[in-house]
């Protein structure tokens, strides 16, 4: 279950809590010991009496309050207090960063990646130089030369081989290892053990010990003079390489917010001093009259005051059918005007617009989502204390035996051998194969954290429109009246709709074509905005539209109301057809379920994943669709802005939740979910927010994605085993004082070889 | 299936095979071992990682291209 640390307000899993405290009958969980200590000193400062009641509503309220004060760094994901962060304003919004590095990455992501590439290149080149240099020394030994690593060679009397190794390794330690040492320092301050700490411990021990051997050989009380510079260099180079590879995979993820900003039109045409002027979109003021032409984006929210048109709101609402807009109707900024021109009065501008609210919700969802502990860090959190324990134990045993010199050496040797160089590549190597295989299957995976979460998936939430359904209307039922045949009714409807570009008309024309009907042209075409169409053809007037249109032309449909209502309750939009002043029948059009939707739901249930459907439809219609697809848990009447809250509610049940969606309105929910899965045919924003993207728009890929995630995670776990096993075997060797550079090199070589070849085996796994 | 099994076995037995071969030649603790371990390992591992990376990049590019065509 997710809980909130009352001190730092961080959301954590209760099982991951480092410490707990009881106060006034409630249990509080903490992310670190310092948080617990602060809490224990003065619990009242962090919890009032009401908050001591462990109710979920109050926890959510506390989170909401915390979100107001905290912000999530869009680059590294760290949740930071706004007042202590570095603030940048872009496109009218504020972003908060934990460091200048993150600011640089945000402002120029490619430059930061290039800088990282440079560091990796320096480290790998240095390591190769070290290896060649070292090999040259060994070759010299093999040739019978008397040169030893710590003895000055005749050509360079003021330098020793060891000094050369020191010179090559030092920049690698400083430039390459800087990040790990900072990470280790933070870990020490938080009193947690992680991968950075293990790397810092192993590399710094090897480096400092070797430097002592080179510069102060007499300080060491033994004849043992081996140096381990390359251990430090290789570990840093490989871990850095692994991080670089992970960054490449994730490099597009920080673009989510940028994509949202791109939706805003750059300019708007407004009426000022009785003249039409073009101004920057952000300069539009409330109550100002805005002019929108065909094909233009609507610059801000408002109410239509003149003209009519149909507006494509799919990007915001997910609804595939363009919405008719006439005087008095509301329009949303960022949506696309289709055919007509109109004027509207701006009612909300800037941060108050619907689009800005969605951006805010995405940010809030991202800020409140908990950061999971990476698997490698979790393994390291157990391994580091164990290694330190073994090092002390080994030293203690040697002291008891009566050899304090050997005690010191074995202590150092255990720390040197403990850090596997393959640790850093264990995750990215498997991830690269997993991501590549996913791409082959039409599934793009953004990062290892989504795989780690997918492994624990318990609930899969589907948005209905465009996700479970096709998002394109189709004719579902044709109901002729009296002696009219199905073909005749469809023919009348098709004649009327032939000149229309409305998606409902397209559905009718498509069905008529499928039935092989030849549709004659109409003599006159009149579109009645928001109502339907009137035409003259085959000697009579044909009318197709809604109830109001029929009332306007005097056709009585009261005795057919039961039939119409029954069709509507099944989720259809009903089009009433009349010809020559007589009612001819009804054509029901609906957004139909995607092929394989039911199969996918069954597959997920078989995999012990609970399936939930989210929809804005009323309960009855939602249940009808749920029954067709086999989903029992349906959450209906959900407003577009409330989807993220629903996902949050499901997470509060203590489950790992995935959300599948396609629209911009799904973006906050995709960001809130532990795993956001975006459909390829959906909006760019949904795709940028999702952690997994299904490129092919085939729902079966949801199951494939889960299977692939689990297979990749298995590989990552195996890799971590291979990364640690050789070094673990080396620990007793080190404890007995038998460690030498060859054994250290062997452990590194064998572990990294095993890791990369084991990762390559994932290519052969069938999904 | 058979080839997969052989491949898996080879991967997991690779370190052992390597050490046995070196032992047969009597050079387990000689400088050649260091050459093999330090230089070859670096080149081989980097090579395999590079291959995995390029393979991933190509597959992502192909998929995106296919998606853009649609």
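Within region A:735-767, restricting attention to residues that are more than 8 Å from every other protein chain (Cβ to nearest Cβ) and free of Cβ contacts under 8 Å to residues at least 12 places away in the same chain, which residue is nearest to residue A:418 (Cα to Cα)? My answer is A:738.
Looking for something touching a strand residue (DSSP E or B) at 6+ places or on another chain (Cβ under 7 Å), touching a residue at least 24 places away in the same chain (Cβ under 8 Å) and either at positive phi or within 13 Å of another protein chain (Cβ to nearest Cβ) (or both) - is there at least one such residue anywhere in region A:706-713? Within region A:706-713 (the criterion being touching a strand residue (DSSP E or B) at 6+ places or on another chain (Cβ under 7 Å), touching a residue at least 24 places away in the same chain (Cβ under 8 Å) and either at positive phi or within 13 Å of another protein chain (Cβ to nearest Cβ) (or both)), the answer is yes, since at least one residue qualifies. Please verify whether region A:456-472 includes one or more residues that are away from chain B (no Cβ under 14 Å), touching a residue at least 12 places away in the same chain (Cβ under 8 Å), buried (at least 24 other Cβ atoms within 10 Å of the Cβ) and over 30 Å from residue A:506 (Cβ atoms). Checking region A:456-472: at least one residue is away from chain B (no Cβ under 14 Å), touching a residue at least 12 places away in the same chain (Cβ under 8 Å), buried (at least 24 other Cβ atoms within 10 Å of the Cβ) and over 30 Å from residue A:506 (Cβ atoms).
If the condition is being outside any loop (DSSP other than H, G, I, E, B) and buried (at least 24 other Cβ atoms within 10 Å of the Cβ), then region A:689-705 contributes A:689, A:692, A:693, A:694, A:701, A:702, A:705. Only one entry of A:569, A:599, A:610, A:561 meets the criterion of being surrounded by fewer than 16 Cβ atoms within 10 Å (Cβ to Cβ) and within 27 Å of residue A:454 (Cα to Cα), and that entry is A:599.
So that you can scan it fast, the table gives a plain yes or no per residue for (1) away from chain B (no Cβ under 14 Å); (2) over 30 Å from residue A:381 (Cα atoms); (3) assigned to a helix (DSSP H, G or I); (4) at pLDDT 50 or above:
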| position | (1), (2), (3), (4) |
| --- | --- |
| A:145 | no, yes, no, no |
| A:159 | yes, yes, no, yes |
| A:164 | yes, yes, yes, yes |
| A:168 | no, yes, yes, yes |
| A:171 | yes, no, yes, yes |
| A:184 | yes, no, yes, yes |
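Report yes if residue A:153 is at pLDDT below 80 and away from chain B (no Cβ under 14 Å), otherwise no. Spelling it out, residue A:153 is indeed at pLDDT below 80 and away from chain B (no Cβ under 14 Å). Of the residues A:573, A:563, A:592, the single one that is within 30 Å of residue A:703 (Cβ to Cβ) and touching a residue at least 24 places away in the same chain (Cβ under 8 Å) is A:592. Scanning region A:414-455 for residues that are surrounded by 24 or more Cβ atoms within 10 Å (Cβ to Cβ), part of a loop (DSSP other than H, G, I, E, B) and more than 14 Å from chain B (Cβ to nearest Cβ) yields a single hit, A:419. Checked across region A:211-227, the condition of being within 14 Å of chain B (Cβ to nearest Cβ) and either assigned to a loop (DSSP other than H, G, I, E, B) or modelled with pLDDT under 85 (or both) holds for at least one residue. When restricted to residues that are surrounded by fewer than 20 Cβ atoms within 10 Å (Cβ to Cβ) and under 14 Å from residue A:332 (Cβ atoms), region A:298-312 contains 2. Scanning region A:706-762 for residues that are closer than 30 Å to residue A:407 by Cβ and surrounded by fewer than 19 Cβ atoms within 10 Å (Cβ to Cβ) yields A:725, A:729, A:732, A:733, A:736, A:737, A:738, A:740, A:742.
Number of residues in region A:322-348 that are in contact with a helix residue (DSSP H, G or I) (Cβ under 8 Å, 6 or more places away or on another chain) and buried (at least 21 other Cβ atoms within 10 Å of the Cβ) equals 4.
Report whether or not residue A:254 is under 23 Å from the mean Cα position of the chain (by Cα) and either at pLDDT 85 or above or under 30 Å from residue A:436 (Cβ atoms) (or both). So residue A:254 fits the description; yes.
The values are calculated or read from the model by the stated rules, or taken from the named source; none is laboratory data. In this text, all values refer to a predicted model and were calculated from it rather than measured experimentally. Positions of Cβ are backbone-derived with ideal geometry, glycine not excepted, and every protein chain shown enters the neighbour counts.
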